[in-house]
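Let me begin by presenting the structure, written as structure tokens, before commenting on it.
Nothing in this text is a laboratory measurement; each read-out follows from the coordinates by a stated rule. For clarity, every value in this text was computed on a predicted model and none was experimentally measured. Cβ atoms come from the backbone with ideal geometry, glycine included; neighbour counts cover every protein chain shown.
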Amino acid sequence: MIEIVKVSEQGVVEIAIHGKLQEGDIKEITPKIDQIIREKNNISIVLNASEFEGWQDLDALVAHFTFVRDHQKKARKLAFVAGKKWQEILVHVLSSMVQPEVKVFHSDELANAHAWVTS
């Protein structure tokens, strides 16, 4: 499940992922993110993945990567709050392939992640 936790006036969007990501989760969140981008123009993201357990199947993985490919140029910064070591490694590998500046935070550093994206 993906949820938009909050959106600040400055265009900081906090998103949380819980459990296994499904293709339908991406289809459900896409129009909501598109609307926020239209309203705020450029956004910064705090992605709390501390409870993320991976993808349900290959379709979910492809949908997620397609979403990132299509939306990554619309973000200034991405603070990734990781709950597992594999997440940190994956983000470090992929961060050189996306436009926003990316920084990884540990699961107990959510406040630091918010501070960084607004700096």
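Table for the structure above
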read-out: Leu94-His106 pseudo-label distance in nm [points 7 Å out on the Cα-to-Cβ vector]; value: 2.3 nm
read-out: Listed pairs Lys20/Lys103; Lys27/Lys74; Lys32/Lys77; Lys20/Lys40 exceeding 26 Å between Cα atoms; value: Lys20/Lys40
read-out: Extension gain, Ala115 back to Val68 (0.36 nm per residue minus Cα-Cα distance, nm); value: 14.6 nm
read-out: Helix-only CD estimate at 222 nm, as mean residue ellipticity for the chain, using -39500 (n - 2.57) per DSSP H run (n ≥ 4); value: -13500 deg cm²/dmol
read-out: Dipole magnitude of the chain about its Cα centre (Cβ charges: Lys, Arg +1; Asp, Glu -1), debye to nearest 20; value: 440 debye
read-out: Long-range HN-HN contacts of Ser107 with modeled amide H, under 5 Å; value: Ala82
read-out: Which labelled figure in (1) 10.5; (2) 12.2; (3) 6.4 is mean projected area of the Cα convex hull in nm², once derived from the coordinates; value: (3)
read-out: Lys/Arg +1, Asp/Glu -1 at C-beta; segment 7-64 dipole; positive extreme among Ile33, Phe52, Ile17; value: Ile33
read-out: Label-point gap, in nm, between Glu51 and Ile37 - each point 7 angstrom along Cα→Cβ; value: 2.6 nm
read-out: Span-rule helices in the chain, defined as complete DSSP H runs reaching 18 Å or more along the axis (Cα) with Kyte mean at least -1.0; value: 23-40, 58-71
